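Right, one structure below, let's go through it.
The values are calculated or read from the model by the stated rules, or taken from the named source; none is laboratory data. On a predicted model such as this, the values are computed, not experimentally measured, just so you know. Quick reminder, even Gly has a Cβ in these numbers, built from the backbone with ideal geometry, and neighbours come from all protein chains shown. We work out accessible area using only protein heavy atoms, side chains counted, and drop any ligands, DNA or RNA first. Shrake-Rupley method; radii C 1.70, N 1.55, O 1.52, S 1.80 Å.
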Amino acid sequence: NAGVMQNPRHLVRRRGQEARLRCSPMKGHSHVYWYRQLPEEGLKFMVYLQKENIIDESGMPKERFSAEFPKEGPSILRIQQVVRGDSAAYFCASSPRLVGTGELFFGEGSRLTVL
Amino acid sequence: AQSVTQPDIHITVSEGASLELRCNYSYGATPYLFWYVQSPGQGLQLLLKYFSGDTLVQGIKGFEAEFKRSQSSFNLRKPSVHWSDAAEYFCAVGAQETSGSRLTFGEGTQLTVNP
């Protein structure tokens, strides 16, 4: 019974490159959330997706960031033209349904370092 | 919009001493409340959660928390701390809205345990 799987666990990019972070939700979960944790800070909501739909992207930076959750395959968080300020841990979480207990199940995170 | 405040950035206790981590929330209706723990370089593990009913909830690893509506608080307690409890602790509030099970996190409290 695998939990939320994220990869890569660690990613190093130079400024201007692209970063792609992947998240496979728990089996049976169709709701995916992405959070960002900057150094010494708490988790900040970025985006909430269901299969093939972005439901809430109010926490996403306006430029360079995008997310998708295709019908088949993992959810992808894409950061174009990375800058040093993008260095952070990116956590994915999933839940089984829209209305429920409100509990999210978190992956172990992807740690992005921008040189 | 909901918000969470964890007043203590860093707490140090001796092993075997009691622990209380503070959490205050802001939300218009009855919230869903959570405590998560994060060890260095790891993801978030759920300690306990409150949805309704008994205001004193028991969690894993000997932790408990009490929901006090009049004080808008959900403090985490443990009667006797173990060295392995050293970690960062996050309080979170959730709400069942049309935008799914979105959680808002506090900034975290770093717990150090002295031998």
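Relative to the compact globular guide of 2.2 N^0.38 Å, what is the alpha carbon radius of gyration of the protein assembly as shown, as a ratio? Each step should come with its number before you reach the end.
Working: Rg = 17.7 Å, N = 230, 2.2 N^0.38 = 17.4 Å.
Against the compact-globule rule of thumb, the ratio is 1.02.
Explain nothing, just the number: relative contact order of chain B, from Cα pairs under 8 Å at least 6 residues apart, as a whole percent. Walk me through the intermediate numbers first.
Numbers: 280 pairs, mean separation 42.3, N = 115.
Once normalised by length, the contact order is 37 percent.
Working from the pairwise distances between different alpha carbons, so that the mean of 1/r is found and then inverted, what is the range A:49-97's Kirkwood radius in Å?
On the way: mean 1/r = 0.0818 Å⁻¹.
Result for the range A:49-97, one decimal place: 12.2 Å.
Which of B:Ala86, B:Ala65, B:Ala29 moves the most in a Gaussian network model of chain B with Cα springs under 10 Å?
The residue that fluctuates most here is B:Ala29.
If you wrap chain B's Cα atoms in a convex hull and average its projection over all directions, what's the area in nm²?
Over every viewing direction, the Cα hull of chain B projects on average to 7.1 nm².
Here is the link list: A:Lys44/B:Lys49; A:Lys44/B:Lys61; A:Lys27/B:Lys49; A:Lys44/A:Lys71; A:Lys27/B:Lys68; A:Lys44/B:Lys68. Which ones come out longer than 28 Å on Cα distance?
Numbers: A:Lys44/B:Lys49 19 Å; A:Lys44/B:Lys61 26 Å; A:Lys27/B:Lys49 22 Å; A:Lys44/A:Lys71 26 Å; A:Lys27/B:Lys68 35 Å; A:Lys44/B:Lys68 25 Å.
Among A:Lys44/B:Lys49; A:Lys44/B:Lys61; A:Lys27/B:Lys49; A:Lys44/A:Lys71; A:Lys27/B:Lys68; A:Lys44/B:Lys68, the Cα-Cα distance tops 28 Å for A:Lys27/B:Lys68.
Need the per-residue list for the range B:9-56: every residue with at least 10 Å² less accessible surface in the complex of protein chains than in the chain by itself, probe 1.4 Å, sorted by number.
B:Tyr32, B:Phe34, B:Tyr36, B:Gln38, B:Gly41, B:Gln42, B:Gly43, B:Leu44, B:Leu46, B:Lys49, B:Phe51
In Å², nearest 100, what accessible area do chains B and A bury in total when the solvent probe is 1.4 Å?
On the way: alone 6260 and 6790 Å², together 11110 Å².
By this definition, chains B and A bury close to 1900 Å².
Taking Cα centroids, how far is the range A:50-115 from the range B:40-114 in Å?
Value for the Cα centre distance between the two parts: 23 Å.
Can you compute the FRET efficiency between A:Glu72 and B:Ala1 using 1/(1 + (r/R0)^6), with r the Cβ-Cβ distance and R0 = 30 Å? Round to the nearest 0.05.
On the way: r = 34 Å, r/R0 = 1.15.
Given R0 = 30 Å and the Cβ-Cβ separation, E is 0.30.
Given a Förster distance of 30 Å, report the FRET efficiency between B:Ser39 and A:Glu18 from their Cβ-Cβ distance, rounded to the nearest 0.05. Show your work: numbers first, answer last.
Working: r = 30 Å, r/R0 = 1.00.
Efficiency, from the Cβ-Cβ distance: 0.50.
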